[in-house]
1. State whether segment 41-163 is rounded, prolate or oblate according to the following rule on the C-alpha gyration tensor (a ≥ b ≥ c being the square roots of its eigenvalues): a/c under 1.5 gives rounded; otherwise a/b larger than b/c gives prolate, and the remaining case gives oblate.
2. So for 43, 6, what's the accessible-area order with a 1.4 Å probe, most first?
3. Contour minus end-to-end for residue 2 and residue 133, with contour as 0.36 nm per residue of separation and end-to-end as the Cα-Cα distance?
4. Leaving out ligands, DNA and RNA, what percent of the accessible area of the chain is carbon and sulfur, probe 1.4 Å?
5. What dipole magnitude, in Debye to the nearest 20, does the chain give about its Cα centre under +1 on Lys/Arg Cβ and -1 on Asp/Glu Cβ?
6. Leaving out ligands and nucleic acids, and using a 1.4 Å probe, what accessible area per residue does the chain come to in Å²?
7. Of the candidates 86, 27, 54, which one comes out as most mobile in a Gaussian network treatment of the chain with C-alpha springs shorter than 10 Å?
8. Taking the full set of protein chains and a 1.4 angstrom probe, give the accessible area of residue 181 in square angstrom, rounded to the nearest 10.
Amino acid sequence: MAKLHDTIDDRIRKFIEAQKMFFVATAPAGSEGHVNMSPKGYDSFRILGPNEVAYLDLGGSGIETLAHVRENGRITFMFCAYEGAANILRLYGQGEAVTFDEPGFEDKLALFPEFPHARAIITAKIDRIQDSCGWGVPFYEYKGERDQLVRANANRSKEEWREKRYKSNAVSIDGLDGLVKPDA
């Protein structure tokens, strides 16, 4: 049975920090468009306060999360226990995004000093914290992070990386604005 929590307390914080992967879910406004859920790895999640979190958006195959957050703000994070006691934790909230060419990005990137290239930082004010049994989640053994994304970004100059992001992340699959050049 699901249990609601008012804040991210020490127990919840420890659970989040122990997870090697989490999921981010967003959707466009209205009944049209695609719901998006993305798995996230690396050390890319931070708890900023009892009801505020941030995650590092390194980029990938699409720009759905950023486009949806900018359109309507709705965001859900999900953490599953793959070892130890069974548990699923969901954080529901309203997100904001700041991208690499926008004011305030460098300050937020400082939360993640090991990543020099990042597409955006998504922060969220959390208004619902819910955990549930997780009995249906299987055990998995963590073997390490894949390094392809970090290597691909490291082998490009800052300008090459920047232009690739703008070219490949201009619009979402539903036609919502993604990354928009500040000078455009």
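The values are calculated or read from the model by the stated rules, or taken from the named source; none is laboratory data. A quick note: this is a predicted structure, and the numbers were derived from the prediction, not measured. Methodologically, a virtual Cβ is constructed for each residue, glycine included, from the backbone with ideal geometry; neighbour enumeration extends over all protein chains shown. Please note that ligands, DNA and RNA were not included when accessible areas were found on the heavy atoms of the full protein model with its side chains. Shrake-Rupley method; radii C 1.70, N 1.55, O 1.52, S 1.80 Å.
1. Numbers: a/c = 2.17, a/b = 1.35, b/c = 1.61.
Oblate, since a/c reaches 1.5 and b/c is not below a/b.
2. Values: 43 85, 6 140 Å².
Descending accessible area places them as 6, 43.
3. Details: separation 131, 0.36 × 131 = 47.16 nm, distance 0.71 nm.
Contour length minus Cα-Cα distance gives 46.4 nm.
4. Details: 5510 of 10360 Å².
The C+S portion of the solvent-accessible surface of the chain is 53 percent.
5. Numbers: 24 positive and 28 negative charges, 68 e Å.
About 320 debye.
6. Working: 10360 Å² over 184 residues.
Solvent-accessible surface per residue comes out at 56 Å².
7. Looking only at 86, 27, 54, the largest GNM fluctuation is found for 86.
8. It works out to around 70 Å².
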